[in-house]
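> Take this structure, written in structure tokens, and hold onto it; I'll ask about it next.
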Amino acid sequence: QVRLVESGGGLVQAGGSLRLSCAASGRFSSINAMGWYRQVPGKQRELVARLALGHSPDYADSVKGRFTISRDDAKNTVTLQMNSLNPEDTAVYFCNLWTIDADYWGQGTQVTVSS
């Protein structure tokens, strides 16, 4: 069974920083990419950042220059460093593991940015 365990969410003031981490465990096929998505009530889940092996990271326009994604392939972890947070970044953030034959999701971690 594949598990994605997220950590690092919480409450922060505008302008602050948070670091999200996700560790994948279990048996899974070759990884296409790992990344982070977010969702607010009433809206679709949206890509925040994604990193595929051998490729440059993909970022949502709204987070470019503020967020940085990184992976440790030896540990199957992905990290999202979020700086200069603003209230519009408030959402539940989900870790995603995309393999050659499946798509896996974490349980989500809440990020709340107060103004």
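> At 1.4 Å probe size, with every protein chain present, just tell me what the per residue accessible area of the chain comes to in Å².
55
> Provide the packing ranking of 7-13, 45-51, 65-71, 91-97, i.e. peptides ordered by the mean count of other C-beta atoms within 10 Å per residue, highest first.
91-97, 45-51, 65-71, 7-13
> For all pairs of alpha-carbon atoms in the chain, what percent lies in each bin of width 10 Å, listed from the first bin to the last filled one?
15, 50, 29, 6, 0
> Might you report the magnitude of the Cβ-based charge dipole of the chain about its Cα centre, with Lys and Arg at +1 and Asp and Glu at -1, to the nearest 20 debye?
Dipole magnitude for the chain comes out near 140 debye.
> Counting only other residues whose beta carbon sits under 14 Å from that of Met34, what net charge do I get with K and R as +1, D and E as -1?
-1
> Each residue of segment 75-92 in turn: what ³J(HN,Hα) in whole Hz from Karplus with 6.51, -1.76, 1.60 and θ = phi - 60°, glycine and Pro shown as x?
The phi angles translate into 9, 6, 10, 9, 10, 10, 8, 10, 10, 6, 5, 10, x, 5, 7, 4, 4, 8 Hz.
> At q = 0.16, 0.21, 0.24, 0.27 Å⁻¹, what log₁₀ I(q)/I(0) does segment 47-109 have when each alpha carbon counts as one equal point scatterer in the Debye sum?
With no solvent term, the Cα-only Debye profile gives -0.56, -0.96, -1.22, -1.44.
> How long are the semi-axes of the equivalent ellipsoid of segment 1-67, defined as square roots of 5 times the Cα gyration tensor eigenvalues? Whole Å, largest first.
Computed over segment 1-67, the values are 23, 16, 13 Å.
> Same structure, new question: Return the carbon/sulfur percentage of the accessible area of the chain, one whole number, probe 1.4 Å, all protein chains in place.
Roughly 47 percent, rounded to a whole number.
The values are calculated or read from the model by the stated rules, or taken from the named source; none is laboratory data. Since the structure is predicted, the reported quantities are computational estimates derived from the model, not experimental observations. For neighbour counting, all protein chains shown are included, and Cβ atoms are generated from backbone atoms with ideal geometry for every residue, glycine included. Please note that ligands, DNA and RNA were not included when accessible areas were found on the heavy atoms of the full protein model with its side chains. Shrake-Rupley method; radii C 1.70, N 1.55, O 1.52, S 1.80 Å.
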